[in-house]
Amino acid sequence: MVSETGSGDWITHHVPHGTIKFSVNEYEPEEYSEMFTEYRLQTVCRNDVENRPDVLMVELPRVLQLEFKNNRNTKGLLTLAGTPKDAAFLFQAFFNPKKPVVHLCGRYHFLRAFAPNNGIKVYSNAGELQMILNGVAQEKIKNGSYRIPDSEMKKYDGSVVPVPGIPVANVFFWKTPLEPGRNVVEVQ
């Protein structure tokens with residue numbers, strides 16, 4: 001039984017796609033939280049469903065708590081203002097497959113100061129999606145073809161261990177560069 005899972009994140013903290021970089025209560029990028037959630041939902045809800053029936057209980061936000069940084073809890077599916085984080089839409093795609101979900105990730109990350117070719121991620125329970133960037137159709141992608149990038153993690157003793165990526169359902173990713181200035185992204 002999984003009683004609690006998740007990582008803290010701020011919608012104003014960002015790192016390039018596939019980067020495992022965070023510091024609890026100091027630097028909690030949205031992309032790390034997304035990768036953490038993608039891994040958990042895939043391994044618990046898809047790869048081992050026989051041993052873990054889907055039961056989702058959502059606790060009302062506990063945003064003001066003394067044990068968290070500046071007395072604020074950054075965990076959960078909502079921001080402190082009550083706006084759904086990107087991970088909330090991935091939960092919808094996994095736990096409510098009958099309700100269509102198409103969500104463009106990183107909508108609050110509109111001033112991208114790094115890697116214009118960092119890619120575009122979408123959460124959806126559709127069987128296939130196509131992205132249109134600035135009027136140009138990109139490749140169609142089938143659900144289940146996304147793979148969390150291979151990475152590595154530093155252990156408490158300082159040693160580094162490889163972390164292999166896994167395929168994840170309901171995540172679509174286009175490694176398409178953005179143009180300088182305004183970009184129009186459509187997904188269908």
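Quick notes on this structure:
- Residue match in segment 172-188 (condition: polar (S, T, N, Q) and open to solvent by 90 Å² or more (accessible area, probe 1.4 Å)): yes
- Residue selected from segment 140-168 under the condition of a type in the set (A, V, I, L, M, F, W, C) and over 18 Å from Glu31 (Cβ atoms), by the criterion least open to solvent (accessible area, probe 1.4 Å): Ile141
- Restricting Ala137, Ala126 to residues that are without any contact (Cβ under 8 Å) to a residue 60 or more places away in the chain and open to solvent by 40 Å² or more (accessible area, probe 1.4 Å) narrows the list to Ala137.
- Subset of segment 146-188 [in a strand (DSSP E or B), over 18 Å from Pro116 (Cβ atoms) and either in contact with a Cys (Cβ under 6 Å, 6 or more places away or on another chain) or not acidic (Asp, Glu) (or both)]: Arg147, Ser151, Met153, Lys154, Val160, Val161, Pro162, Val163, Pro167, Val171, Phe172, Val187
- Any hit, segment 62-80, residues being assigned to a loop (DSSP other than H, G, I, E, B), at pLDDT 80 or above and surrounded by fewer than 10 Cβ atoms within 10 Å (Cβ to Cβ): no
- Segment 115-133, subset in a strand (DSSP E or B) and in contact with a helix residue (DSSP H, G or I) (Cβ under 7 Å, 6 or more places away or on another chain), residue nearest to Thr19 (Cα to Cα): Tyr123
- Single condition Val161 does not satisfy, out of (1) touching a residue at least 60 places away in the same chain (Cβ under 8 Å); (2) farther than 20 Å from Leu90 by Cβ: (1)
- Qualifying positions in segment 114-123 - hydrophobic (A, V, I, L, M, F, W, C), open to solvent by 30 Å² or more (accessible area, probe 1.4 Å) and either at negative phi or within 17 Å of the chain's Cα centre (by Cα) (or both): Phe114
The values are calculated or read from the model by the stated rules, or taken from the named source; none is laboratory data. Note that the structure is predicted; figures quoted are calculated from it, not measured. Glycine gets a Cβ as well: all are built from the backbone with ideal geometry, and neighbour counts include every protein chain shown. Each accessible area value is taken on the protein alone, full model and side chains, heavy atoms only, with ligands, DNA and RNA left out. Shrake-Rupley method; radii C 1.70, N 1.55, O 1.52, S 1.80 Å.
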